[in-house]
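Inspection log for the structure reproduced underneath, given as structure tokens.
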Amino acid sequence: MKTQNFNPQQFETLARYFSGEMDENELAEFEKQLADFSDADKKMTEKMKTQWKAMESFREPALPDTRKAWNKLHSRLIDEDLVPVQKTARPQFVPVLLRIAAVLLLLAGLGAALYWGISRKPGAEMVQINTMNEANTLIKTLADGSVVYLAGNSVFSFPKEFEPNERNVELKGEAFFDITPDPQKPFIIETNEARIEVLGTAFNVKTKNGGNFELAVTRGKVKVTMKNNAAESELVTSGEMVTSVNNHVVKSKAVKEGSSAWYVRRMQFKDETLQNIINVLNRNFNTTFAAANQEIGNRKLTVTFSGQTSEAMAELICAALNLKCQNTDGKIILSDNASGSGENRR
């Protein structure tokens, strides 16, 4: 008996055998027939049996009841006059071809479900910041050390930890990005209008609902691709900017803001580590702050700076965290205030 010569009735018999629907006499008779199968037929039967058991053991989602599904579908077709009503009794079993098709579909679905369950990684836990109508620039340091300066009325979404091979974030509104270089892990910013890809650079992004998209590069190189017109893609380098006009990218020279840039006028940190705050201040101002040790650097602080001198910023930090600041070799070292008096020495 060769597998390729199996007829529909034999496939029905195999399905009843695999599903355990045979009584004792039918099972004994079938096992006698099974003993006479060729080696190729036996291997095929065992493979089919293994696949059937795999389907029965997969419970999420539960396997459909093909007989119940067929009867329900058949009734609906009759109710909607899509098939003629038969005067004979409705069959008790699913038609053979439909049953075989159902098995094949279940096998395909099982394979896809198992692959999805094995290969799919849990989605990274996302964090969303909404600055609302905020006058300050809210500053956030990401897991890779990149710094994002968020303007008011902006929404920024990012993962707590980046995936091994990518750094993907989303922006609605305006932000200045200072990206930590990593050639092996591109930094991708998704906006409603464009997709921005960078390796390590600093640039400003401004999006408007239903309006133009703007990007100005301060340092490095950025690739901008319009979402509604992938053919519109530009490399933007330091000192250049692009603006979208009717899904077209227009490049021009950028206006250099320097120390008057909007994102450094009123800088706000919310529950940020002191080390992250120090890194941002030293990067944007003529300061040389340093934490005395890692424990102090890990302390968190909520603070706003607006036009203060470096001495005033140091005093504000020390007062908030009960630290002392001391000028050592040209650096202002922030350390524990052992006396507890809050007095600072410079």
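Here, each number is a calculation from the coordinates, and none is a lab measurement. Computed from a predicted structure; not experimentally measured. Note that we place each Cβ from the backbone using ideal geometry, even for glycine, and neighbour counts take in every protein chain shown.
Points worth noting:
- Three-way shape label, the stretch 126-260, alpha-carbon gyration tensor, a/c 1.5: rounded
- Extending 7 Å from Cα along the Cβ direction at Glu163 and again at Glu234 yields two label points whose distance is 2.9 nm.
- Cα-based shape type of the stretch 168-211, given that a ≥ b ≥ c are square roots of the gyration tensor eigenvalues and the cut on a/c is 1.5: prolate
- Here the label points at Glu170 and Glu21, each 7 Å from Cα along the C-beta direction, are separated by 4.7 nm in the simple model.
- Label-reachable residues, the stretch 169-200, where backbone N falls under 12 Å from a point 7 Å from Glu257's Cα toward its Cβ: 174-177
- Using Cβ point charges alone (K and R +1, D and E -1), the dipole size of the stretch 216-339 about the Cα centre works out to roughly 400 debye.
- Over all other residues within a Cβ to Cβ distance under 9 Å of Ser306, the charged ones net out to +2, with Lys and Arg as +1 and Asp and Glu as -1.
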